[in-house]
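Read through the structure below, which is laid out as structure tokens, and then see the notes.
The values are calculated or read from the model by the stated rules, or taken from the named source; none is laboratory data. All values derive from a computational prediction rather than experimental measurement. We place every Cβ from the backbone using ideal geometry, glycine too, and count neighbours over all the protein chains shown. Just the protein is used for accessible areas: all its heavy atoms, side chains included, with ligands, DNA and RNA removed. Shrake-Rupley method; radii C 1.70, N 1.55, O 1.52, S 1.80 Å.
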Amino acid sequence: MRRPLVAGNWKLHGSRDGNARLLAALRTGLDPGWAVDVMVCPPFVYLAEAHAALEGSPVLLGAQDVSAENQGAYTGEVSAGMLREVGCSHAIIGHSERRTLYGESDELVARKFKAVVAAGLVPVLCVGETLQEREAGTTHAVVQRQLDAVFAAVSIEEFARGVVAYEPVWAIGTGRTASPEQAQDVHAFIRHAASMRSARMAGGLRILYGGSVKGTNAQALFGMPDIDGGLIGGASLEAGDFLTICNAAAGTVT
Ligand code: PEP
């Protein structure tokens, strides 16, 4: 049984007052009986304050990115060890905005995966195809390439420590969600690719869907057999919508 995870990626949004309100609303609205892990990923500068605001609550804290390096002359970078020190348990890596806007390669993402695991945190590895790649029929090949880079860099035990998020680039922030069937197809493909390394690891691997998930479409997506929760952008900035999505994930647990 894979416990669902719903993670909110706040991206470049937030303010001290706004965060305090949002986190307080999540604390109040979360049902402690829900069999779902819930996480928020604010910008770096708010992590320590968010950790304090979440003290005593089951809400997990993640970072939106991380350095592949531990320390040294890497101006502007933040290491996995630093993230652990301020209370993070997870770090998103390879988000499509990092890959496209900042030119992050599959190899760099793989190094980040290794650094995050080495620091004792959980990497949330984002993979997914562009619209052009989908229309060219190369979705599986693109996702396989992104996974292979990580498989080449880490052991099966290390890979098993991570979470994969399938995020079709054409669905992120566009309001255009993959249909539950389209998403399930790629999730099943990811699990199959993982099973080629280890059936046991693949069976326990949490694979999240991300791309315009809302309170209105979450239930249908999370109802698919290989979708184990969501990585939520826009809808994670509004407590009511985010809680509806968390509730939908909890509702898939039997
Ligand atoms: C994301 O930022 O990873 C994301 C999926 O965004 P949105 O939910 O807004 O599409």
Under a 1.4 Å probe, what is the accessible area of the stretch 188-254 per residue, stated in Å²? 38
Local electrostatic count at Pro43 - Lys and Arg +1, Asp and Glu -1, tallied over other residues with Cβ under 12 Å: 0
Fraction of accessible area attributable to carbon and sulfur, the chain (%, probe 1.4 Å): 53
Calculate, in nm to one decimal, what Leu12 and Thr138 gain on full extension: separation in residues at 0.36 nm each, minus their alpha carbon distance. 42.3 nm
The stretch 44-108 and the stretch 216-247 have their Cα centres apart by a whole-number Å value of 22
Distant-in-sequence amide H partners of Ala91 (H built 1.01 Å from N, under 5 Å): Ala63, Val122, Val124
Net charge near Val116: determine it from the other residues with C-beta under 13 Å of the C-beta of Val116, scoring Lys and Arg +1 and Asp and Glu -1. +2
Taking N as the number of residues in the stretch 37-94, what is its alpha-carbon radius of gyration divided by 2.2 N^0.38 Å? 1.11
Protection proxy ranking, peptides 7-17, 38-48, 194-204, average beta carbon neighbours within 10 Å, highest first: 38-48, 7-17, 194-204
Put +1 on the Cβ of every Lys and Arg and -1 on every Asp and Glu Cβ in the chain; which of Trp10, Ser79, Ala218 then has its Cα farthest towards the positive end of the dipole? Ala218
Given a 1.4 Å probe, how much area per residue of the stretch 55-174 is accessible, in Å²? 44
Starting from the Cα of Ala24, step 7 Å along the direction of its Cβ; do the same at Ser179; then give the gap between the two resulting points in nm. 4.4
What is the local net charge at Leu208, summed over the other residues whose Cβ is closer than 13 Å to its Cβ (Lys, Arg +1; Asp, Glu -1)? 0
